[in-house]
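Reading through the C-alpha cells given below for one structure.
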Amino acid sequence: MAMQKVTKQLPKKELTKYDYIPVYLYTEKDGLNRITVLKEVGKESYLVAGRYVGFTEESRLYTPLTEEEMKEVEKTLKIRSKDSTIQFL
C-alpha cells in the first residue's frame, strides 16, 4: 500500500493578491525541486506555498516543507528584505 503525500491547497481565487510571476527557490538539501514563493502585490509580504504537485478545479496543490527547509527559505527571503513578512501555506 503506497503512502499518499500530504498536500496543502491554495485556492485559485487567492492568487489575484500575489504577483503574477512567482519566485522560485531551491534548498541546499533538494536542489532539483523548486519551492514556490508568492509575493503579495505592493507589499513586502511573502507566502511560501511549498513544492507544486498539481491542481484541482478550485486550487493549486503543494507539498509542505520540512522545518529545516522552512528555516532555510526564511533566511533567504530575509536577505532580500529584512522587513518582509513571511507566511507558510
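Computed quantities for the displayed model
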read-out	value
Some residue of the range 37-54 being buried (at least 17 other Cβ atoms within 10 Å of the Cβ), of a type in the set (Val, Ile, Thr), out of contact with any helix residue (DSSP H, G or I) (no Cβ under 6 Å at 6 or more places or on another chain) and under 19 Å from ASP19 (Cβ atoms)	yes
Odd one out for THR27, checked against (1) closer than 25 Å to LYS12 by Cα; (2) in contact with a helix residue (DSSP H, G or I) (Cβ under 9 Å, 6 or more places away or on another chain); (3) of a type in the set (Val, Ile, Thr)	(1)
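Each row is one residue, and each column tells you yes or no for (1) under 12 Å from the mean Cα position of the chain (by Cα); (2) outside any loop (DSSP other than H, G, I, E, B); (3) on the phi > 0 side of the Ramachandran plot.
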| residue | (1), (2), (3) |
| --- | --- |
| GLN9 | yes, yes, no |
| LYS13 | no, yes, no |
| TYR20 | no, no, no |
| TYR24 | yes, yes, no |
| VAL37 | yes, yes, no |
| LEU47 | yes, yes, no |
| GLY50 | yes, yes, yes |
| ARG60 | yes, yes, no |
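A short reminder: the numbers here are calculations on the coordinates, not readings from a lab. As the structure is a computational prediction, the values presented were derived from the model and not from experiment. All Cβ positions, glycine included, derive from the backbone under ideal geometry; neighbour counts span all protein chains shown.
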